[in-house]
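Below: the structure, in C-alpha coordinates.
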Amino acid sequence: MLTKIQKIGERSLAEAKELLLQGECVAFPTETVYGLGGDARSDEAVEKIYRVKGRPQDNPLIVHVHSEYDLHSLIYDDQPYVKRLREAFLPGPLTLVYRSRGKVSAKVSCGLDTLAVRIPEHPGAQRFLKYVDIPVAAPSANRSKHVSPVSAQHVYDDLNGKIPLILDGGPCSGGIESTVCDVTGSYPVILRAGLITREMIEHAVGRCDAYVPKEGERVRSPGMKYKHYAPACETRLFSSTAVSEALAVLNEAIRLGRRVRVLCEDCIAGAFPAEMVLNLGNDGIEMAENLYRLLREAEACADLLIAVLFVCTGNTCRSPMAEVIFRAEIKKRKIKYVDAASAGIFAENSTSISPQSAACLREMGLDFSKFKPRQLKHKMIESAFLVVCMTEKQKELLNGFDNVCSVRDIAGFDVPDPYGYGADVYRYTARTICAAVDVIIQKYFVASSDDKVGFSGGKK
(Lines give C-alpha, C1' and ligand atoms only; values in the text may rest on other atoms or scores of the structure.)
Protein backbone atom coordinates (compact mmCIF):
# COMPACT_ATOMS: atom_id res chain seq x y z
CA MET A 1 0.00 0.00 0.00
CA LEU A 2 1.24 3.47 -0.92
CA THR A 3 1.19 5.87 2.04
CA LYS A 4 0.81 9.54 1.12
CA ILE A 5 1.47 12.59 3.27
CA GLN A 6 -0.73 15.53 2.23
CA LYS A 7 -1.27 18.98 3.66
CA ILE A 8 -4.81 19.55 4.91
CA GLY A 9 -6.90 21.07 2.11
CA GLU A 10 -10.13 20.50 0.22
CA ARG A 11 -8.67 17.78 -1.98
CA SER A 12 -6.99 15.84 0.84
CA LEU A 13 -10.07 16.16 3.07
CA ALA A 14 -12.32 14.83 0.31
CA GLU A 15 -9.96 11.89 -0.14
CA ALA A 16 -9.83 11.31 3.62
CA LYS A 17 -13.65 11.21 3.86
CA GLU A 18 -13.92 8.76 0.97
CA LEU A 19 -11.28 6.50 2.54
CA LEU A 20 -13.01 6.53 5.93
CA LEU A 21 -16.36 5.64 4.38
CA GLN A 22 -14.63 2.76 2.60
CA GLY A 23 -13.42 1.39 5.95
CA GLU A 24 -9.82 2.60 5.64
CA CYS A 25 -7.70 4.33 8.28
CA VAL A 26 -6.43 7.91 7.98
CA ALA A 27 -3.91 9.65 10.24
CA PHE A 28 -4.69 13.21 11.33
CA PRO A 29 -3.18 15.81 13.69
CA THR A 30 -4.42 16.91 17.08
CA GLU A 31 -2.93 19.31 19.62
CA THR A 32 -1.53 16.33 21.58
CA VAL A 33 -0.33 13.65 19.12
CA TYR A 34 -1.32 12.38 15.68
CA GLY A 35 -4.30 10.02 15.66
CA LEU A 36 -5.01 6.90 13.59
CA GLY A 37 -8.64 7.45 12.60
CA GLY A 38 -11.33 5.11 11.38
CA ASP A 39 -15.14 5.18 11.17
CA ALA A 40 -16.24 4.48 14.76
CA ARG A 41 -19.59 3.11 13.51
CA SER A 42 -17.96 0.29 11.53
CA ASP A 43 -16.76 -2.97 13.11
CA GLU A 44 -14.48 -3.55 10.13
CA ALA A 45 -12.88 -0.11 10.34
CA VAL A 46 -12.29 -0.42 14.08
CA GLU A 47 -10.77 -3.88 13.61
CA LYS A 48 -8.44 -2.38 11.01
CA ILE A 49 -7.27 0.27 13.51
CA TYR A 50 -6.29 -2.46 15.97
CA ARG A 51 -4.63 -4.50 13.23
CA VAL A 52 -2.66 -1.63 11.67
CA LYS A 53 -1.44 -0.38 15.01
CA GLY A 54 -0.81 -3.84 16.47
CA ARG A 55 -2.91 -2.83 19.47
CA PRO A 56 -4.36 -5.45 21.86
CA GLN A 57 -8.08 -5.67 21.23
CA ASP A 58 -8.99 -5.34 24.91
CA ASN A 59 -7.63 -1.78 25.02
CA PRO A 60 -10.46 0.73 24.30
CA LEU A 61 -10.31 3.57 21.77
CA ILE A 62 -11.27 7.24 21.97
CA VAL A 63 -13.92 8.66 19.65
CA HIS A 64 -13.16 12.12 18.19
CA VAL A 65 -15.84 14.58 17.07
CA HIS A 66 -15.88 18.24 16.09
CA SER A 67 -17.08 21.01 18.40
CA GLU A 68 -20.53 21.31 16.73
CA TYR A 69 -21.26 17.57 16.65
CA ASP A 70 -24.43 16.36 18.40
CA LEU A 71 -22.58 14.77 21.29
CA HIS A 72 -25.75 13.58 22.99
CA SER A 73 -26.51 11.34 20.03
CA LEU A 74 -23.60 9.18 21.22
CA ILE A 75 -23.70 9.41 25.02
CA TYR A 76 -25.83 9.93 28.12
CA ASP A 77 -24.84 13.07 29.98
CA ASP A 78 -26.57 13.10 33.35
CA GLN A 79 -24.02 14.63 35.72
CA PRO A 80 -24.43 18.39 36.33
CA TYR A 81 -20.68 19.11 36.64
CA VAL A 82 -19.93 17.81 33.13
CA LYS A 83 -21.20 21.00 31.49
CA ARG A 84 -18.69 23.01 33.55
CA LEU A 85 -15.90 20.64 32.50
CA ARG A 86 -16.73 21.05 28.82
CA GLU A 87 -16.99 24.83 29.14
CA ALA A 88 -13.60 24.98 30.90
CA PHE A 89 -11.54 22.63 28.74
CA LEU A 90 -13.23 21.76 25.43
CA PRO A 91 -12.24 21.80 22.70
CA GLY A 92 -8.93 20.69 24.15
CA PRO A 93 -6.80 17.80 25.47
CA LEU A 94 -9.47 16.28 27.72
CA THR A 95 -11.22 12.97 26.99
CA LEU A 96 -14.46 12.30 28.89
CA VAL A 97 -15.81 8.81 29.50
CA TYR A 98 -19.63 8.77 29.40
CA ARG A 99 -22.34 6.12 29.46
CA SER A 100 -22.75 5.03 25.85
CA ARG A 101 -25.93 5.01 23.77
CA GLY A 102 -24.47 2.16 21.71
CA LYS A 103 -24.38 4.16 18.46
CA VAL A 104 -20.81 3.20 17.58
CA SER A 105 -19.15 -0.19 17.15
CA ALA A 106 -18.97 -2.16 20.40
CA LYS A 107 -15.34 -2.88 19.49
CA VAL A 108 -14.46 0.77 20.20
CA SER A 109 -15.10 0.28 23.92
CA CYS A 110 -14.20 -3.42 23.95
CA GLY A 111 -17.76 -4.30 25.00
CA LEU A 112 -17.97 -1.81 27.89
CA ASP A 113 -21.15 0.26 28.38
CA THR A 114 -19.09 3.48 28.36
CA LEU A 115 -17.64 5.59 25.56
CA ALA A 116 -14.54 7.82 25.65
CA VAL A 117 -15.09 10.99 23.59
CA ARG A 118 -12.73 13.86 22.79
CA ILE A 119 -13.17 17.19 21.00
CA PRO A 120 -9.66 18.19 19.87
CA GLU A 121 -8.64 21.83 19.71
CA HIS A 122 -6.20 21.57 16.80
CA PRO A 123 -7.60 23.58 13.84
CA GLY A 124 -6.58 20.83 11.39
CA ALA A 125 -8.39 18.21 13.48
CA GLN A 126 -11.49 20.40 13.70
CA ARG A 127 -11.47 20.97 9.96
CA PHE A 128 -11.05 17.24 9.26
CA LEU A 129 -13.74 16.15 11.74
CA LYS A 130 -16.25 18.75 10.48
CA TYR A 131 -15.60 17.72 6.89
CA VAL A 132 -16.17 14.00 7.49
CA ASP A 133 -18.91 14.67 10.09
CA ILE A 134 -18.85 11.18 11.57
CA PRO A 135 -17.52 9.89 14.90
CA VAL A 136 -13.87 8.94 14.33
CA ALA A 137 -12.24 6.33 16.56
CA ALA A 138 -8.56 7.14 16.93
CA PRO A 139 -5.68 5.97 19.12
CA SER A 140 -2.24 7.51 18.58
CA ALA A 141 -0.93 6.87 15.05
CA ASN A 142 2.10 4.78 15.95
CA ARG A 143 2.83 1.09 16.23
CA SER A 144 1.72 -0.22 19.59
CA LYS A 145 4.09 0.53 22.49
CA HIS A 146 6.29 2.85 20.44
CA VAL A 147 6.73 6.54 21.18
CA SER A 148 3.64 8.49 20.12
CA PRO A 149 3.96 10.59 16.92
CA VAL A 150 4.00 14.39 17.06
CA SER A 151 4.60 14.97 13.33
CA ALA A 152 3.38 13.52 10.04
CA GLN A 153 6.87 12.10 9.45
CA HIS A 154 6.71 10.18 12.74
CA VAL A 155 3.47 8.56 11.56
CA TYR A 156 5.08 7.70 8.23
CA ASP A 157 8.09 6.15 9.99
CA ASP A 158 5.82 3.79 11.94
CA LEU A 159 2.95 3.09 9.54
CA ASN A 160 4.34 3.44 6.02
CA GLY A 161 2.65 0.84 3.84
CA LYS A 162 -0.09 0.23 6.43
CA ILE A 163 -2.40 3.20 5.77
CA PRO A 164 -3.19 5.15 2.58
CA LEU A 165 -3.16 8.76 3.84
CA ILE A 166 -1.57 10.99 6.49
CA LEU A 167 -3.05 14.48 6.85
CA ASP A 168 -0.18 16.81 7.68
CA GLY A 169 -1.15 19.54 10.11
CA GLY A 170 2.37 20.39 11.26
CA PRO A 171 3.95 19.53 14.62
CA CYS A 172 1.72 18.93 17.63
CA SER A 173 1.95 21.63 20.27
CA GLY A 174 0.84 19.63 23.31
CA GLY A 175 3.20 16.74 22.94
CA ILE A 176 1.62 14.21 25.29
CA GLU A 177 -1.76 12.49 25.33
CA SER A 178 -5.05 13.90 26.55
CA THR A 179 -6.23 13.45 30.11
CA VAL A 180 -8.94 10.77 30.32
CA CYS A 181 -11.64 11.43 32.91
CA ASP A 182 -14.60 9.24 33.90
CA VAL A 183 -17.73 11.36 34.29
CA THR A 184 -20.27 8.62 34.93
CA GLY A 185 -20.24 9.14 38.71
CA SER A 186 -21.08 11.98 41.07
CA TYR A 187 -17.62 13.53 40.57
CA PRO A 188 -14.91 13.17 37.88
CA VAL A 189 -12.23 10.49 38.20
CA ILE A 190 -8.99 10.66 36.21
CA LEU A 191 -8.28 7.36 34.47
CA ARG A 192 -5.21 8.53 32.55
CA ALA A 193 -3.06 11.55 33.41
CA GLY A 194 -2.34 14.05 30.64
CA LEU A 195 -2.12 17.74 29.82
CA ILE A 196 -5.17 18.69 31.91
CA THR A 197 -4.13 18.16 35.54
CA ARG A 198 -6.16 17.05 38.54
CA GLU A 199 -5.69 20.50 40.09
CA MET A 200 -7.09 22.18 36.98
CA ILE A 201 -10.18 19.96 37.05
CA GLU A 202 -10.68 20.51 40.77
CA HIS A 203 -10.51 24.27 40.21
CA ALA A 204 -13.25 23.98 37.58
CA VAL A 205 -15.70 21.61 39.31
CA GLY A 206 -14.55 21.11 42.91
CA ARG A 207 -13.78 17.46 43.62
CA CYS A 208 -11.70 15.19 41.35
CA ASP A 209 -10.15 11.82 42.18
CA ALA A 210 -7.43 9.80 40.46
CA TYR A 211 -8.23 6.16 39.77
CA VAL A 212 -5.84 3.40 40.85
CA PRO A 213 -6.33 0.23 38.76
CA LYS A 214 -6.76 -3.07 40.60
CA GLU A 215 -4.93 -6.20 39.49
CA GLY A 216 -6.99 -8.27 37.09
CA GLU A 217 -9.59 -5.53 36.64
CA ARG A 218 -11.01 -4.90 33.21
CA VAL A 219 -9.50 -1.92 31.39
CA ARG A 220 -11.76 1.17 31.58
CA SER A 221 -9.77 3.57 29.42
CA PRO A 222 -6.98 3.82 26.86
CA GLY A 223 -3.54 4.02 28.44
CA MET A 224 -4.32 1.81 31.45
CA LYS A 225 -2.80 -1.44 30.25
CA TYR A 226 0.49 -2.73 28.84
CA LYS A 227 3.72 -0.87 28.33
CA HIS A 228 3.20 2.43 26.54
CA TYR A 229 5.32 4.91 24.64
CA ALA A 230 8.64 3.04 24.69
CA PRO A 231 11.54 4.19 22.51
CA ALA A 232 13.20 1.59 20.33
CA CYS A 233 16.39 1.48 22.39
CA GLU A 234 17.48 0.75 25.95
CA THR A 235 16.27 3.52 28.22
CA ARG A 236 17.26 4.43 31.81
CA LEU A 237 15.24 6.82 33.95
CA PHE A 238 16.76 9.00 36.68
CA SER A 239 15.39 11.67 38.98
CA SER A 240 16.64 15.19 38.23
CA THR A 241 18.25 15.07 41.68
CA ALA A 242 20.30 11.97 40.79
CA VAL A 243 22.73 13.65 38.39
CA SER A 244 25.78 11.88 39.83
CA GLU A 245 24.18 8.44 39.39
CA ALA A 246 23.19 9.29 35.81
CA LEU A 247 26.73 10.49 35.07
CA ALA A 248 28.17 7.23 36.39
CA VAL A 249 25.92 5.20 34.07
CA LEU A 250 26.71 7.53 31.17
CA ASN A 251 30.46 7.27 31.68
CA GLU A 252 30.30 3.48 31.85
CA ALA A 253 28.28 3.37 28.62
CA ILE A 254 30.86 5.64 26.94
CA ARG A 255 33.68 3.38 28.21
CA LEU A 256 31.96 0.40 26.61
CA GLY A 257 31.69 2.26 23.31
CA ARG A 258 27.90 2.60 23.35
CA ARG A 259 26.02 5.39 21.62
CA VAL A 260 24.16 7.42 24.23
CA ARG A 261 21.92 10.50 24.41
CA VAL A 262 20.76 12.32 27.55
CA LEU A 263 17.28 13.85 27.70
CA CYS A 264 17.09 16.33 30.53
CA GLU A 265 15.61 19.64 31.58
CA ASP A 266 17.57 22.79 30.84
CA CYS A 267 18.66 23.48 34.44
CA ILE A 268 20.84 20.33 34.61
CA ALA A 269 21.90 20.07 30.95
CA GLY A 270 25.31 21.58 31.77
CA ALA A 271 26.23 18.54 33.88
CA PHE A 272 26.48 16.32 30.79
CA PRO A 273 28.63 16.44 27.63
CA ALA A 274 26.98 19.00 25.36
CA GLU A 275 27.15 16.76 22.28
CA MET A 276 25.07 14.10 24.06
CA VAL A 277 22.34 16.36 25.45
CA LEU A 278 18.82 16.65 24.05
CA ASN A 279 17.35 19.59 25.97
CA LEU A 280 13.72 19.15 27.02
CA GLY A 281 13.33 22.80 28.05
CA ASN A 282 12.56 24.77 31.20
CA ASP A 283 8.99 24.09 32.26
CA GLY A 284 6.34 21.40 32.14
CA ILE A 285 4.56 22.74 29.07
CA GLU A 286 7.77 23.04 27.07
CA MET A 287 9.00 19.61 28.18
CA ALA A 288 5.69 17.98 27.27
CA GLU A 289 5.86 19.54 23.82
CA ASN A 290 9.43 18.29 23.26
CA LEU A 291 9.32 14.87 24.94
CA TYR A 292 8.12 12.52 22.19
CA ARG A 293 10.02 14.34 19.44
CA LEU A 294 13.28 14.10 21.38
CA LEU A 295 12.67 10.47 22.36
CA ARG A 296 12.42 9.61 18.67
CA GLU A 297 15.52 11.66 17.94
CA ALA A 298 17.35 9.85 20.74
CA GLU A 299 16.45 6.38 19.54
CA ALA A 300 17.80 7.19 16.07
CA CYS A 301 21.18 7.92 17.67
CA ALA A 302 21.28 5.22 20.32
CA ASP A 303 22.27 1.58 20.33
CA LEU A 304 20.44 -1.17 18.51
CA LEU A 305 17.05 -2.41 19.59
CA ILE A 306 16.58 -6.15 20.02
CA ALA A 307 13.61 -6.01 17.76
CA VAL A 308 13.04 -9.72 17.21
CA LEU A 309 13.75 -12.46 19.74
CA PHE A 310 13.72 -15.95 18.22
CA VAL A 311 12.82 -18.73 20.64
CA CYS A 312 13.23 -22.49 20.43
CA THR A 313 13.77 -25.25 22.98
CA GLY A 314 17.52 -25.41 23.59
CA ASN A 315 18.94 -22.39 21.71
CA THR A 316 21.36 -24.67 19.87
CA CYS A 317 19.82 -25.28 16.41
CA ARG A 318 16.80 -23.34 15.11
CA SER A 319 16.79 -20.07 17.03
CA PRO A 320 20.54 -19.42 16.54
CA MET A 321 20.11 -19.95 12.81
CA ALA A 322 17.10 -17.64 12.80
CA GLU A 323 19.02 -14.93 14.69
CA VAL A 324 21.96 -15.07 12.26
CA ILE A 325 19.82 -15.25 9.11
CA PHE A 326 17.62 -12.36 10.27
CA ARG A 327 20.63 -10.19 11.11
CA ALA A 328 22.16 -10.87 7.70
CA GLU A 329 18.91 -10.01 5.90
CA ILE A 330 18.46 -6.78 7.87
CA LYS A 331 21.97 -5.73 6.90
CA LYS A 332 21.46 -6.71 3.25
CA ARG A 333 18.22 -4.71 3.03
CA LYS A 334 19.79 -1.68 4.78
CA ILE A 335 17.26 -1.63 7.61
CA LYS A 336 18.89 0.41 10.36
CA TYR A 337 18.82 0.29 14.16
CA VAL A 338 17.25 -3.15 14.29
CA ASP A 339 18.85 -6.28 15.67
CA ALA A 340 17.93 -9.82 16.64
CA ALA A 341 18.69 -12.21 19.45
CA SER A 342 17.69 -15.75 20.36
CA ALA A 343 17.07 -17.82 23.47
CA GLY A 344 15.97 -21.30 24.51
CA ILE A 345 13.08 -22.04 26.85
CA PHE A 346 15.02 -24.92 28.39
CA ALA A 347 18.54 -23.87 27.41
CA GLU A 348 21.46 -24.62 29.67
CA ASN A 349 23.85 -21.78 30.40
CA SER A 350 26.71 -23.79 28.94
CA THR A 351 25.07 -24.48 25.57
CA SER A 352 26.56 -23.39 22.25
CA ILE A 353 25.40 -23.50 18.68
CA SER A 354 25.26 -27.08 17.39
CA PRO A 355 28.06 -28.16 15.03
CA GLN A 356 25.49 -28.99 12.33
CA SER A 357 23.88 -25.54 12.56
CA ALA A 358 27.30 -23.89 12.53
CA ALA A 359 28.28 -25.89 9.44
CA CYS A 360 25.02 -24.94 7.73
CA LEU A 361 25.54 -21.23 8.40
CA ARG A 362 29.13 -21.43 7.16
CA GLU A 363 27.86 -23.00 3.92
CA MET A 364 25.57 -19.98 3.55
CA GLY A 365 28.49 -17.62 4.11
CA LEU A 366 26.97 -16.21 7.29
CA ASP A 367 28.86 -14.93 10.32
CA PHE A 368 27.58 -16.34 13.62
CA SER A 369 30.34 -14.93 15.84
CA LYS A 370 27.86 -12.56 17.59
CA PHE A 371 25.70 -15.48 18.72
CA LYS A 372 25.48 -15.83 22.49
CA PRO A 373 23.52 -18.80 23.86
CA ARG A 374 20.94 -17.77 26.46
CA GLN A 375 18.18 -19.22 28.53
CA LEU A 376 14.90 -17.36 28.01
CA LYS A 377 13.96 -14.86 30.76
CA HIS A 378 10.81 -12.80 31.20
CA LYS A 379 12.83 -9.57 30.92
CA MET A 380 14.02 -10.60 27.42
CA ILE A 381 10.42 -11.05 26.29
CA GLU A 382 9.30 -7.73 27.78
CA SER A 383 12.12 -5.75 26.13
CA ALA A 384 11.70 -7.22 22.64
CA PHE A 385 9.44 -5.74 19.99
CA LEU A 386 8.48 -9.18 18.67
CA VAL A 387 9.09 -12.67 20.08
CA VAL A 388 8.92 -15.43 17.46
CA CYS A 389 8.66 -19.07 18.58
CA MET A 390 9.62 -21.81 16.16
CA THR A 391 6.48 -23.85 16.96
CA GLU A 392 2.98 -23.38 18.32
CA LYS A 393 3.78 -25.55 21.34
CA GLN A 394 6.60 -23.20 22.37
CA LYS A 395 4.27 -20.22 22.01
CA GLU A 396 1.75 -21.90 24.33
CA LEU A 397 4.44 -22.09 27.02
CA LEU A 398 4.77 -18.29 26.86
CA ASN A 399 1.10 -17.50 27.28
CA GLY A 400 0.39 -14.07 28.78
CA PHE A 401 2.73 -11.91 26.66
CA ASP A 402 1.04 -9.86 23.94
CA ASN A 403 4.23 -9.61 21.82
CA VAL A 404 4.70 -13.40 21.48
CA CYS A 405 3.76 -15.24 18.31
CA SER A 406 4.86 -18.31 16.38
CA VAL A 407 6.32 -18.75 12.92
CA ARG A 408 3.00 -20.37 12.06
CA ASP A 409 1.13 -17.18 13.04
CA ILE A 410 3.25 -15.13 10.65
CA ALA A 411 4.26 -17.47 7.83
CA GLY A 412 1.77 -20.35 8.10
CA PHE A 413 4.16 -23.16 9.10
CA ASP A 414 6.22 -24.47 12.00
CA VAL A 415 10.00 -24.91 11.97
CA PRO A 416 10.57 -28.52 13.14
CA ASP A 417 13.57 -29.42 15.28
CA PRO A 418 16.46 -30.88 13.19
CA TYR A 419 18.32 -32.15 16.27
CA GLY A 420 19.64 -35.69 15.76
CA TYR A 421 19.30 -35.62 11.96
CA GLY A 422 21.82 -35.23 9.17
CA ALA A 423 23.13 -32.26 7.18
CA ASP A 424 20.29 -32.32 4.61
CA VAL A 425 17.68 -31.85 7.33
CA TYR A 426 19.63 -28.91 8.74
CA ARG A 427 19.82 -27.39 5.25
CA TYR A 428 16.04 -27.82 4.90
CA THR A 429 15.56 -26.17 8.30
CA ALA A 430 17.73 -23.23 7.21
CA ARG A 431 15.65 -22.80 4.03
CA THR A 432 12.45 -22.89 6.10
CA ILE A 433 13.84 -20.24 8.44
CA CYS A 434 14.89 -18.08 5.48
CA ALA A 435 11.31 -18.16 4.19
CA ALA A 436 9.95 -17.23 7.62
CA VAL A 437 12.47 -14.38 8.05
CA ASP A 438 11.49 -12.96 4.67
CA VAL A 439 7.82 -12.82 5.73
CA ILE A 440 8.70 -11.28 9.11
CA ILE A 441 10.73 -8.52 7.48
CA GLN A 442 8.08 -7.77 4.89
CA LYS A 443 5.37 -7.61 7.54
CA TYR A 444 7.11 -5.66 10.29
CA PHE A 445 10.13 -3.80 8.91
CA VAL A 446 10.98 -1.46 6.07
CA ALA A 447 14.22 -0.24 4.55
CA SER A 448 15.26 3.27 5.47
CA SER A 449 17.34 5.70 3.45
CA ASP A 450 18.24 7.83 6.46
CA ASP A 451 18.79 7.51 10.19
CA LYS A 452 15.40 6.20 11.18
CA VAL A 453 14.35 2.99 12.88
CA GLY A 454 13.17 0.55 10.25
CA PHE A 455 9.76 -0.38 11.58
CA SER A 456 6.65 -0.62 9.47
CA GLY A 457 4.43 -1.07 12.53
CA GLY A 458 2.20 -3.65 14.08
CA LYS A 459 2.47 -6.94 15.81
CA LYS A 460 0.83 -10.23 15.05
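The values are calculated or read from the model by the stated rules, or taken from the named source; none is laboratory data. Keep in mind that this is a model prediction, so the values were computed, not measured. So basically every Cβ, Gly included, is an ideal-geometry build from the backbone, and we count neighbours across all protein chains shown.
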Please go through segment 243-283 and give me each residue that is under 26 Å from L195 (Cβ atoms) and loosely packed, with under 14 Cβ neighbours inside 10 Å, ordered by number. C267, N282, D283
Residue among A116, A138 that alone is crowded, with 23+ Cβ neighbours inside 10 Å, closer than 23 Å to I5 by Cβ and not assigned by TED's automatic domain parsing to the domain that holds R293: A138
Could you list all residues from segment 8-55 that are closer than 17 Å to K162 by Cβ and of a type in the set (G, A, S)? A16, G23, A27, G35, G37, G38, A45, G54
Could you tell me which residue of segment 22-46 is nearest to G92 (Cα to Cα), considering only residues that are without any contact (Cβ under 8 Å) to a residue 40 or more places away in the chain and of a type outside the set (D, E, K, R)? G23
Those strands (runs of 3 or more DSSP E) lying entirely in segment 1-96 with at least 1 residues among the β-branched types (V, I, T): 4-7, 26-28, 62-64
If we keep only residues of segment 158-180 that are among the β-branched types (V, I, T) and not in a loop (DSSP other than H, G, I, E, B), then the residue nearest to G124 (Cα to Cα) is I166
Within segment 304-344, track down each residue that is at pLDDT 90 or above, in a strand (DSSP E or B) and either surrounded by fewer than 20 Cβ atoms within 10 Å (Cβ to Cβ) or among the β-branched types (V, I, T) (or both). V311
Being free of Cβ contacts under 8 Å to residues at least 60 places away in the same chain and of a type outside the set (F, W, Y): is that true of Q6 here? no
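Regarding segment 102-109, can at least one residue be identified that is assigned to a loop (DSSP other than H, G, I, E, B), within 26 Å of the chain's Cα centre (by Cα), surrounded by fewer than 21 Cβ atoms within 10 Å (Cβ to Cβ) and aliphatic (A, V, I, L, M)?
Of all residues in segment 102-109, those assigned to a loop (DSSP other than H, G, I, E, B) come to 102-109.
From what is left, the residues that are within 26 Å of the chain's Cα centre (by Cα) are 104-109.
Subset that is surrounded by fewer than 21 Cβ atoms within 10 Å (Cβ to Cβ): 106-107.
Those left that are additionally aliphatic (A, V, I, L, M): 106.
Yes, some residue in segment 102-109 is assigned to a loop (DSSP other than H, G, I, E, B), within 26 Å of the chain's Cα centre (by Cα), surrounded by fewer than 21 Cβ atoms within 10 Å (Cβ to Cβ) and aliphatic (A, V, I, L, M).
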In this structure, is T32 touching an Asp or Glu at 6+ places or on another chain (Cβ under 8 Å) and among the hydroxyl-bearing types (S, T, Y)? yes
